[in-house]
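Input: a single structure, listed below in structure tokens.
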């Protein structure tokens, strides 16, 4: 199952809390002082694959 989950992420692995924390730390730093109102996906590139294969169609 872990291999199937990894296949959903172009970076080849499942994300860890540290991955999100690194982005948050960057956004809180002065290096990101000019970033405003941006949506930054922290998804290991999964969004580039298109529709989420786990999403269920609601009728």
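The values are calculated or read from the model by the stated rules, or taken from the named source; none is laboratory data. As the structure is a prediction and not an experimental result, all values here were calculated from the model. So basically every Cβ, Gly included, is an ideal-geometry build from the backbone, and we count neighbours across all protein chains shown.
Of all the listed residues (58, 39), the sole one being loosely packed, with under 10 Cβ neighbours inside 10 Å, outside any helix (DSSP H, G or I) and at pLDDT 90 or above is 39. Scanning the stretch 5-36 for residues that are more than 20 Å from residue 48 (Cβ to Cβ) and outside any loop (DSSP other than H, G, I, E, B) yields a total of 11. Residue count for the stretch 1-31 satisfying the condition of being at positive phi and in contact (Cβ under 8 Å) with a residue 40 or more places away in the chain: 0.
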